[in-house]
1. Looking at segment 36-76, which of its residues are assigned to a loop (DSSP other than H, G, I, E, B), under 13 Å from residue 96 (Cα atoms) and charged (D, E, K, R)?
2. Among (1) more than 12 Å from the chain's Cα centre (by Cα); (2) within 22 Å of residue 87 (Cα to Cα), which single condition is residue 30 missing?
3. Looking only at segment 47-66, filter to residues that are touching an Asp or Glu at 6+ places or on another chain (Cβ under 7 Å) and more than 15 Å from residue 18 (Cβ to Cβ); which one of those is most open to solvent (accessible area, probe 1.4 Å)?
4. Among residues belonging to segment 67-98 that are within 12 Å of residue 28 (Cβ to Cβ) and within 11 Å of the chain's Cα centre (by Cα), point out the one that is surrounded by the fewest Cβ atoms within 10 Å (Cβ to Cβ).
5. Please specify each residue of segment 7-32 satisfying the condition of being open to solvent by less than 40 Å² (accessible area, probe 1.4 Å) and modelled with pLDDT of 95 or more.
Amino acid sequence: ETYEIVVTNQGSAPDTNIVIECTLPAEQKYVSSEGPTQATVSGQNVKFGPLASLAPKAKAVWKVVVQGLKEGDVRFRVKLTSDVLESSVDETESTHIY
């Protein structure tokens, strides 16, 4: 499974130090990732280094490739933080593994 994380700066000013953190469920294992910043993996957590700046209306895309280990209805979690946001943005992607 490949998860694509698209971040769009919907504001009118640049955003800075954008960090993406992903949490894989126990039923999945990390395979690879790509994006504008490098990922570090620790157990079921994937953390991308900070994106220095994202211009207004610009997009940045990260991808995380995982392998299903056993059947289940699981949740892939993503957390985004930045200098401009007052609180984190949290998203969950439901995935059914056969």
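The values are calculated or read from the model by the stated rules, or taken from the named source; none is laboratory data. If you're wondering where the values come from, they're calculated on a predicted model, not measured in any experiment. Cβ placement follows ideal geometry from the backbone for every residue including glycine, while neighbour counts extend to all protein chains displayed. These accessible areas exclude ligands, DNA and RNA; they are computed on the full protein's heavy atoms, side chains included. Shrake-Rupley method; radii C 1.70, N 1.55, O 1.52, S 1.80 Å.
1. Within segment 36-76, 70, 71 meet the criteria.
2. (2)
3. Result: 63.
4. Filtering segment 67-98 for residues that are within 12 Å of residue 28 (Cβ to Cβ) and within 11 Å of the chain's Cα centre (by Cα), the one surrounded by the fewest Cβ atoms within 10 Å (Cβ to Cβ) comes out as 93.
5. 7, 9, 15, 18, 19, 20, 22, 24, 25, 28
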